[in-house]
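A.B. asks: Please find one structure pasted underneath; my questions will follow.
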Amino acid sequence: MTITCDVAVLGGGTGGYVAAIRAAQLGKDVVIIERGKLGGTCLHRGCIPTKSLLRSAEVYALLNQAETYGIETDGGRLVFPKVQARKREIVDKLHQGVQYLMRKNKIRVIEGSGRIIGPSIFSPRSGAVAVEFPDGEMETVVSDNLIIATGSRPRVIPGLEPDGTLILSSDEAVDLDKLPESILIVGGGVIGVEWASMLCDFGVKVTLIEMAKQILPGEDEEAARELARLLEKRGVKILTEVELKPDTYVPGDGGISISAAHRGEEITLEASQMFISIGRAANVEGIGLENTDIRVANGVIAVNPHFQTGESHIYAVGDCIGGLQLAHAASHEGLAAVNHLAGQESHIYDPTFVPRCVYTHPQIGSIGLTEARAREMGRSVKSAKVPFSAIAKALIEGHSDGFAKVVVDTETNDLVGVQIIGPQATELIAEASLAAVLDATPWEVGSAVHAHPTLAEALGEAMLAIDGNAINV
Ligand code: FAD
């Protein structure tokens with residue numbers, strides 16, 4: 001059977017379903033093809049479940065620190081199955097929300113696995129999608145435009161493939177029914193540090209190893225150092241410049257053992273479980289790209305600034321095109337792609353100013369370039385930093401570690417980057433994001449009245465501090 005439509009979307013994750021809704025809003029007849037669950041990684045295995053687990057971990061840690069706030073308790077009792085049940089409830093509710101949005105926007109959802117086909121009896125150009133259903137039945141979707149949004153999966157280390165018991169990736173870890181006594185986290189990127197922070201708050205003994213010189217490679221060095229210091233203070237053992245030796249892996253009844261080279265010395269690492277978080281690989285295989293002129297470069301689908309692939313009627317968005325691999329990047333790419341195919345004025349989307357958030361305790365929120373990266377690129381920049389210890393609300397909250405840092409171009413006075421590490425940093429970064437879109441100068445942002453006492457004062461003060469006008473530091 002053949003299904004025809006204006007726009008077909010392959011993959012119903014954040015990039016895909018947002019693109020589908022936008023296309024329907026513009027009057028297009030839309031079909032979305034999803035082999036798993038609508039909502040994709042973000043909803044079922046990524047952003048949402050992990051942030052729910054992190055929130056429970058935070059509450060548990062806070063209960064154990066209640067005395068700091070003048071409250072005596074016997075501490076909390078962690079009932080992990082209930083933590084997981086709360087997470088499932090949130091995910092289910094949001095999943096129903098996405099299904100409702102599909103119905104509301106009259107988007108046809110096809111539950112099957114899609115593969116792009118070349119020119120055929122269905123269409124003279126490539127881009128029709130052959131869909132296989134779980135029962136083996138097939139259907140072909142023929143559209144004017146196709147948007148590929150097939151996402152990504154955890155990268156694996158050959159010889160250390162996740163087995164769901166001793167070796168985990170984020171896909172298995174998110175559904176753990178029991179916490180391990182200890183864990184070795186391999187990879188200190190965003191996923192690795194978030195799990196380190198969460199498991200440490202849940203009372204798990206955590207060792208985190210990272211190949212680069214700092215955790216969160218690519219992020220501001222000072223912010224990464226501050227996070228490492230605070231995680232270590234809570235008991236996380238962090239080792240950087242570590243090269244794991246997969247062939248020394250020994251599984252056992254009580255856990256795992258593996259050797260690694262650490263700054264020239266051989267070390268042995270032992271834990272109840274190992275969690276591999278070394279990045280994500282784009283889902284570009286098995287989707288029929290070989291039947292098209294779509295190019296794959298460095299493992300991701302190559303696109304132009306409008307998200308068009310080598311076939312101009314086929315777009316690609318989200319994790320499958322690489323880049324930041326964030327949910328909000330995927331959704332904005334989806335919006336930009338649909339606006340372009342529909343001939344609408346383009347959506348403002350500058351990847352430089354996409355917020356990068358780390359939901360550790362404390363959190364990190366950043367946009368734009370770090371000071372070091374800007375200098376490497378030959379830009380003349382200056383920076384200012386305001387510690388949360390100078391902000392009254394941070395002291396009231398009981399979280400006064402960290403800082404807000406602003407990086408500015410000395411010639412143009414343009415905002416180059418903002419890095420915040422501290423309480424609610426992932427919320428506070430929204431102001432910097434808006435400032436970047438509005439092309440506001442630091443003085444303009446600092447002149448906006450920030451209520452007192454609020455955490456937002458940290459960014460306001462840092463903006464003023466650029467020209468030496470901060471009041472509280
Ligand atoms: P996906 O969400 O992966 O969706 C792709 C969909 O395509 C999937 O549903 C898949 O089943 C479907 N699909 C693939 N191939 C086919 C096919 N052939 N036929 C039919 N369907 C197919 N990002 C943030 O912004 N904030 C966070 O806090 C955050 N936390 C994260 C935590 C973890 C542990 C992980 C793993 C990721 C996290 N991310 C976070 C990243 C975020 O989840 C991704 O960037 C986002 O999901 C990308 O959306 P997408 O639509 O490109 O891909």
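A.B. asks: Could you pull out the residue among Glu290, Glu232, Glu266 that is assigned to a helix (DSSP H, G or I), surrounded by fewer than 23 Cβ atoms within 10 Å (Cβ to Cβ) and away from the ligand (no atom under 16 Å from the Cβ)?
C.D. replies: Glu232
A.B. asks: I'm trying to understand the selection: among the residues of the stretch 176-199, which are more than 14 Å from the ligand (Cβ to nearest atom) and surrounded by fewer than 23 Cβ atoms within 10 Å (Cβ to Cβ)?
C.D. replies: Asp177, Lys178, Leu179, Pro180, Glu181, Ser182
A.B. asks: Can we say Ile238 is more than 21 Å from the chain's Cα centre (by Cα), in a strand (DSSP E or B), surrounded by 14 or more Cβ atoms within 10 Å (Cβ to Cβ) and β-branched (Val, Ile, Thr)?
C.D. replies: Judged against the criteria, Ile238 is a match.
A.B. asks: Filter the stretch 336-358 down to the residues that are within 18 Å of the chain's Cα centre (by Cα) and not hydroxyl-bearing (Ser, Thr, Tyr) and list them by number.
C.D. replies: Of everything in the stretch 336-358, those that are within 18 Å of the chain's Cα centre (by Cα) and not hydroxyl-bearing (Ser, Thr, Tyr) turn out to be Asp350, Pro351, Phe353, Val354, Pro355, Arg356, Cys357, Val358.
A.B. asks: Being in a helix (DSSP H, G or I), over 25 Å from the mean Cα position of the chain (by Cα), of a type in the set (A, V, I, L, M) and crowded, with 20+ Cβ neighbours inside 10 Å: is that true of Ala19 here?
C.D. replies: In short, no.
A.B. asks: Given (1) farther than 21 Å from Val131 by Cα; (2) in contact with a strand residue (DSSP E or B) (Cβ under 7 Å, 6 or more places away or on another chain), identify the lone condition not met by Asp92.
C.D. replies: So the condition that Asp92 fails would be (2).
A.B. asks: Right, next: If I ask for residues that are among the small types (Gly, Ala, Ser) and within 22 Å of Gly218 (Cα to Cα), which ones from the stretch 412-452 would you list?
C.D. replies: Result: Gly417, Gly422, Ala425, Ala430, Ala432, Ser433, Ala436.
A.B. asks: Quick check on Leu38: is it touching a Gly at 6+ places or on another chain (Cβ under 6 Å), modelled with pLDDT of 95 or more and within 9 Å of the ligand (Cβ to nearest atom)?
C.D. replies: Taking the combined requirement at face value, the residue satisfies it.
A.B. asks: Can you tell me which residues in the stretch 124-156 are over 20 Å from Gly46 (Cβ atoms) and either under 19 Å from the mean Cα position of the chain (by Cα) or outside the structural domain of Ile287 (by TED's automatic domain parsing) (or both)?
C.D. replies: Within the stretch 124-156, no residue meets the criteria.
A.B. asks: Another question, then. Within the stretch 404-436, track down each residue that is part of a helix (DSSP H, G or I), touching a helix residue (DSSP H, G or I) at 6+ places or on another chain (Cβ under 7 Å) and of a type outside the set (S, T, N, Q).
C.D. replies: Leu428, Glu431, Ala432, Ala435, Ala436
A.B. asks: Taking the criterion of being touching a residue at least 24 places away in the same chain (Cβ under 8 Å), in contact with a strand residue (DSSP E or B) (Cβ under 7 Å, 6 or more places away or on another chain), farther than 27 Å from Pro154 by Cβ and surrounded by fewer than 19 Cβ atoms within 10 Å (Cβ to Cβ), would at least one residue in the stretch 51-72 satisfy it?
C.D. replies: For the stretch 51-72, residues touching a residue at least 24 places away in the same chain (Cβ under 8 Å), in contact with a strand residue (DSSP E or B) (Cβ under 7 Å, 6 or more places away or on another chain), farther than 27 Å from Pro154 by Cβ and surrounded by fewer than 19 Cβ atoms within 10 Å (Cβ to Cβ): absent.
A.B. asks: What residue, of Met102, Met138, is surrounded by 14 or more Cβ atoms within 10 Å (Cβ to Cβ) and either without any contact (Cβ under 8 Å) to a residue 40 or more places away in the chain or out of contact with any Cys (no Cβ under 8 Å at 6 or more places or on another chain) (or both)?
C.D. replies: Met102 is the lone residue from the list that is surrounded by 14 or more Cβ atoms within 10 Å (Cβ to Cβ) and either without any contact (Cβ under 8 Å) to a residue 40 or more places away in the chain or out of contact with any Cys (no Cβ under 8 Å at 6 or more places or on another chain) (or both).
A.B. asks: Looking at the structure I just gave you, is Gln308 more than 11 Å from the ligand (Cβ to nearest atom) and touching a Leu at 6+ places or on another chain (Cβ under 8 Å)?
C.D. replies: no
A.B. asks: Something else about it: If the requirement is being closer than 22 Å to Cys320 by Cβ and not hydroxyl-bearing (Ser, Thr, Tyr), which of these qualifies: Ala128, Ala61?
C.D. replies: So the residue among Ala128, Ala61 that is closer than 22 Å to Cys320 by Cβ and not hydroxyl-bearing (Ser, Thr, Tyr) is Ala128.
A.B. asks: Of all residues in the stretch 1-16 being in a strand (DSSP E or B) and more than 6 Å from the ligand (Cβ to nearest atom), which is farthest from the chain's Cα centre (by Cα)?
C.D. replies: By that ranking, first place goes to Thr2.
A.B. asks: For the stretch 116-172, name all the residues that are among the hydroxyl-bearing types (Ser, Thr, Tyr) and either part of a loop (DSSP other than H, G, I, E, B) or closer than 25 Å to Ala19 by Cα (or both).
C.D. replies: Hits for the stretch 116-172 are Ser120, Ser123, Ser126, Thr140, Ser143, Thr150, Ser152, Thr165, Ser169.
A.B. asks: Read through the list (1) buried (at least 18 other Cβ atoms within 10 Å of the Cβ); (2) within 13 Å of the ligand (Cβ to nearest atom), then give the number of the only condition that Val206 fails.
C.D. replies: (2)
The values are calculated or read from the model by the stated rules, or taken from the named source; none is laboratory data. Model, not experiment: these values are computed from the prediction. All Cβ positions, glycine included, derive from the backbone under ideal geometry; neighbour counts span all protein chains shown.
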